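Structure, as structure tokens:
The values are calculated or read from the model by the stated rules, or taken from the named source; none is laboratory data. Being a predicted model, the structure only gives us computed values, none of them experimental. All Cβ positions, even for glycine, are placed from backbone atoms using ideal geometry, and neighbour counts span all protein chains on display.
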């Protein structure tokens, strides 16, 4: 399922100055394929401002998301891989950002489960941290 959603939604960039900008840029593929609206991006940022960096679920990895009613048009997933990390609140450095947008609980749980399994595979995550381009990042997902 991850490969299906990420095959055209991966970006690899050198660096981004702020975590807010990182979330916005990470979400661009989902706006472009009409999975989410700009309201969803605003809601993800507000969630972090209100609740802190709870979206940083492993060292260097964040999964920003929000409620479906805040702008999910269809289920989607994107990946932004940064060569130089961006600091999130509470001094948490992040290099990998998965933006998750699910329009139902079942798909949401399935995607979260697959992402959790991927993140628990230390070797794959280490390779993902080193990915130099979109193709290398997608290879790590497979």
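Summary table below
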{"quantity": "Qualifying positions in the stretch 117-135 - out of contact with any helix residue (DSSP H, G or I) (no Cβ under 7 Å at 6 or more places or on another chain), touching a residue at least 40 places away in the same chain (Cβ under 8 Å) and part of a helix (DSSP H, G or I)", "calculated": "129, 134"}
{"quantity": "Hey, residue 139 assigned to a helix (DSSP H, G or I) and farther than 16 Å from residue 57 by Cβ or not", "calculated": "yes"}
{"quantity": "From the options 8, 50, 4, residue that is modelled with pLDDT under 95, out of contact with any helix residue (DSSP H, G or I) (no Cβ under 6 Å at 6 or more places or on another chain), in a helix (DSSP H, G or I) and surrounded by fewer than 16 Cβ atoms within 10 Å (Cβ to Cβ)", "calculated": "4"}
{"quantity": "Condition check for residue 81: surrounded by fewer than 21 Cβ atoms within 10 Å (Cβ to Cβ) and in contact with a strand residue (DSSP E or B) (Cβ under 8 Å, 6 or more places away or on another chain)", "calculated": "no"}
